[in-house]
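A quick write-up on the structure given underneath.
The values are calculated or read from the model by the stated rules, or taken from the named source; none is laboratory data. Nothing here was measured: the structure is a model prediction, and the numbers come from that model. Every residue, glycine as well, gets a Cβ built from its backbone with ideal geometry; the counts of neighbours run over all protein chains shown.
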Amino acid sequence: MMTTMSSVPSIWRCGVLGFSIAILFGLAPPGWAQAASPSSADSLTAAAVAFELRYGASPTPAPVRDRWLGRDKVQHVVFSGLWTLSTQYILVNKADWTERDALPASIASGAAIGILKELYDASRLTGTASGKDLVADAVGIGLAVAVIQL
């Protein structure tokens, strides 16, 4: 018995269509295309070919060292500290929370933002999560708590 497209459930058709589009635009899971075609490891996208033709080199980023002291760590300290302070301000002055009740929520929100940022970094193809960034977030939150306790 031959199956027609109208007898296939719509969720199945959407999945097949979505996967086909993902393959077409190069969004397939890593390694999938290499298993399907042995020559695909040497193939380049149109953007990479154009970049090589124009500049003579492929756009491969250099590995970045994760230093303890650097601009990125300062940004983490400042952002997490300001996030914690602003959350505390909003909860106390706008939502009428007591300072004692608002402090744990402020700390938790600052920590959650830092953890979510590192999870986002880990999910990117060229990115990795950094424990040093989380320490910088904790330092920023600690400084904010010290300011709040003044």
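Which residues, taken from segment 118-150, are among the β-branched types (Val, Ile, Thr) and more than 15 Å from Gln75 (Cβ to Cβ)?
Taking segment 118-150 first, the residues among the β-branched types (Val, Ile, Thr) are 126, 128, 135, 139, 141, 145, 147-148.
Residues satisfying the conditions are Thr126, Thr128, Val145, Val147, Ile148.
Here Ala48 fulfils each of the conditions (1) surrounded by 14 or more Cβ atoms within 10 Å (Cβ to Cβ); (2) part of a helix (DSSP H, G or I); (3) at pLDDT below 85 apart from (1).
Of the listed requirements (1) outside any helix (DSSP H, G or I); (2) farther than 22 Å from Gln149 by Cα, Trp97 misses just one: (2).
Taken together, the residues in segment 116-142 that are of a type outside the set (Ser, Thr, Tyr) and either touching a strand residue (DSSP E or B) at 6+ places or on another chain (Cβ under 7 Å) or surrounded by 14 or more Cβ atoms within 10 Å (Cβ to Cβ) (or both) amount to 15. Of everything in segment 68-115, what is farther than 16 Å from Leu134 by Cα, surrounded by fewer than 17 Cβ atoms within 10 Å (Cβ to Cβ) and not β-branched (Val, Ile, Thr)? Give them in sequence order. Answer for segment 68-115, where residues must be farther than 16 Å from Leu134 by Cα, surrounded by fewer than 17 Cβ atoms within 10 Å (Cβ to Cβ) and not β-branched (Val, Ile, Thr): Ser86, Tyr89, Asn93, Lys94, Ala95, Asp96, Trp97, Glu99, Arg100, Asp101, Pro104, Ala105.
Taking the stated definitions as given, is Ser106 touching a residue at least 24 places away in the same chain (Cβ under 8 Å), among the polar types (S, T, N, Q) and within 17 Å of Val74 (Cα to Cα)? It is false that Ser106 is touching a residue at least 24 places away in the same chain (Cβ under 8 Å), among the polar types (S, T, N, Q) and within 17 Å of Val74 (Cα to Cα).
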